[in-house]
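The block underneath contains the structure these notes are about, expressed in structure tokens.
The values are calculated or read from the model by the stated rules, or taken from the named source; none is laboratory data. Fair warning: this is a prediction, and the values are worked out from it, not measured in the lab. Cβ: placed from backbone, ideal geometry, glycine included. Neighbour counts: every protein chain shown.
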Amino acid sequence: MTQEIDVSSKGHPFQKHWQFCIGSGHAPLTLRADSQELLARLHRELGISYVRFHGVLSDDMGVVNTFADLFPLRGGERFSEYNFRRIAASYDGILKAGMKPFVELSFMPEKIAADPSKRCFFYYRDKNVISLPKDDAAWTDLITAFVQFLLARYGKEEVESWYFEVWNEPDLSGFFAGTKEDYFHLYEITARAIKAVDEGLQVGGPATSCSKWVHGFLAFCKENKVPVDFVSTHQYAGDPVGMIDVEGKSEAEEKPEDFSGFGEADLFAGVPDGSVLDALRHMMPDPSETKDLPDDVFRTNARIVREQIARSGVQEKDGGPLPLFYTEWSENAVFSAWTNDTRKEAAYLVRAALDTEGVIDASSVWCASDIFEEFHLFREEFHGGFGLLTQSGIEKPSFWAMKLLSILYGERIDLPAKLSEGEIGVAAFRGSDHALQVLLYRQKMKNEDLPEQSCEIVLSGLANPSQVTLQRIDETHGNPLAAWKKLGSPAIPTPKEVEEIRSSSRVVEEPLPYQLSEGKLSFQASLGVNDVWLVTIR
């Protein structure tokens, strides 16, 4: 197979929407020094600007308190306060790291919840209530006080550069104990409370899974004149729950995910004893390896949502369409899936980032690091966490994918997304001083053991190069999992072992052989399943 690229072909400014934001688990973890240090690294090395996380208002952040919490005395509950000190420490650390908060307003403090027994399926169940508020005033008073605190501490100009997103995945019963209509009402009172404090603050939603609820949400906002500055939703290729909803679908067809009774069945009958990780992997197998999943779900659904926004008639103040933010996306929504530590995740990030360029305005890959406790802070360094970095800061293949994406030149040359035959995708980028980059990827939804596939890239219209280099993610490059296994898979590696793994699995520039004939430069590439190559011609 041969692909010829005329480097003088038309191009367009390259939009790196994935540099907008990164996910970071649960609010209390942002108070850890190591978590803040890793966020600073991602900002410094990948150019990411914002960070988003769950539970900033949850009880483990100590926001709503009474004297009865200190001493269980009669009448003590009459003495109450809002305490935003832990939030301040979190946001101070984020700003110090060079980033800004993307504020996800969740979850419900127990003392103002309508039903404190409704708990998040994830995280620490005694600290994360997912109920509606007991009354609107209790919630809006908290939101008003919170926003006023932020403005007083960080200043109007700074906070107006942040974004306020109402809740997280309210379409899933594991995150929200209410109906779609309940969420729309919660959004309305929240948005109005925020705007009442400062009209210049930016608020949006519905923050749903699987690109859902957008058309209904925008219809509600339009009909009720509810302020909305951006649309946010999520998408995973291997999401285990739900599918996008479309206009015309009846309410009866919408079946929210139900986690009730989940712990009643004996899921481990006949399963050998093992570690906590073994149990979770048995309970939640990786659907991206067991099912035939399409590789274009993100691109397809993002285009549907973009069309829904355009047809809604809801616009920005300047008359343009509302921006579309994907505030969570990745290849796999299953925590502990072993493939999260492999180059399958890297190839997917590359493919999906390129496929959605020009369709969405900003996005947030899930997530920053394995300092993350959706279920448990696992002991194993490589446990299938969602992070770009391990708990010790080791760069996974997904980190290297984001690194390669971050260093791509600013103009993308217009050409077909795939080679004319075969499985290798290609994209080309133009820089200053006649520099050029060619990005190759062989993305598949399964880690299949298949022969390498080869192609020839021919570049015409290129001045004589002084250097051609290759950076790659494959079995022997950018593969810290293999380096960890070679050391005997130490659950908690020593600092020396961490540095050994990092140094032996870095993605580095190396010379690439090429041919130059009759004004054309050509090189050969051979990619295994989910390999990624970045070739730079200077």
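In segment 506-525, the residues that are in contact (Cβ under 8 Å) with a residue 12 or more places away in the chain form Cβ pairs under 6 Å with partners that are part of a loop (DSSP other than H, G, I, E, B) and not hydrophobic (A, V, I, L, M, F, W, C), at six or more places apart or across chains, as follows: V507/H477; V507/G478; L521/Y514; F523/Y514. Looking at segment 133-190, which of its residues are modelled with pLDDT under 95 and of a type in the set (S, T, Y)? Answer for segment 133-190, where residues must be modelled with pLDDT under 95 and of a type in the set (S, T, Y): just S173.
So, in segment 433-473, of the ones that are of a type in the set (S, T, N, Q) and not in a loop (DSSP other than H, G, I, E, B), which residue ends up surrounded by the fewest Cβ atoms within 10 Å (Cβ to Cβ)? Taking the candidates together, the pick is S454.
Residue pairs whose Cβ atoms lie under 9 Å apart, separated by 6 or more positions or on different chains, with the first residue in segment 459-476 and without any contact (Cβ under 8 Å) to a residue 24 or more places away in the chain and the second surrounded by 15 or more Cβ atoms within 10 Å (Cβ to Cβ) and not hydrophobic (A, V, I, L, M, F, W, C), are T476/S505. Please verify whether L487 is touching a strand residue (DSSP E or B) at 6+ places or on another chain (Cβ under 9 Å) and surrounded by fewer than 23 Cβ atoms within 10 Å (Cβ to Cβ), treating the condition exactly as stated. In short, no. Regarding S336, is this residue crowded, with 23+ Cβ neighbours inside 10 Å and touching a Lys or Arg at 6+ places or on another chain (Cβ under 6 Å)? Criteria met by S336.
L404 meets the conditions (1) under 20 Å from P294 (Cβ atoms); (2) crowded, with 16+ Cβ neighbours inside 10 Å; (3) among the hydrophobic types (A, V, I, L, M, F, W, C) in every case but one. The failed one is (1).
I'd like the full set of residues that are basic (K, R) and surrounded by fewer than 16 Cβ atoms within 10 Å (Cβ to Cβ), limited to segment 490-506. Across segment 490-506, the qualifying residues are K496, R506. Among the residues of segment 353-370, none qualifies, meaning not one is among the β-branched types (V, I, T), part of a helix (DSSP H, G or I) and not assigned by TED's automatic domain parsing to the domain that holds L440.
Within segment 279-302, being under 25 Å from the mean Cα position of the chain (by Cα) and either farther than 20 Å from E331 by Cβ or aliphatic (A, V, I, L, M) (or both) holds for L280, H282, M283, M284, L293, V297, A302. When each of A352, A362 is tested for being within 20 Å of I244 (Cα to Cα), of a type in the set (G, A, S) and surrounded by fewer than 24 Cβ atoms within 10 Å (Cβ to Cβ), the lone residue that passes is A362. Please go through segment 114-155 and pick out each residue that is part of a helix (DSSP H, G or I) and β-branched (V, I, T). Passing the criteria: T140, I143, T144, V147. The set of residues in segment 157-201 that are within 20 Å of G23 (Cα to Cα), crowded, with 23+ Cβ neighbours inside 10 Å and of a type in the set (S, T, Y) contains only Y163. Does segment 313-330 hold any residues that are touching a Lys or Arg at 6+ places or on another chain (Cβ under 9 Å) and at pLDDT below 95, and which are they? Result: G313, V314, P321.
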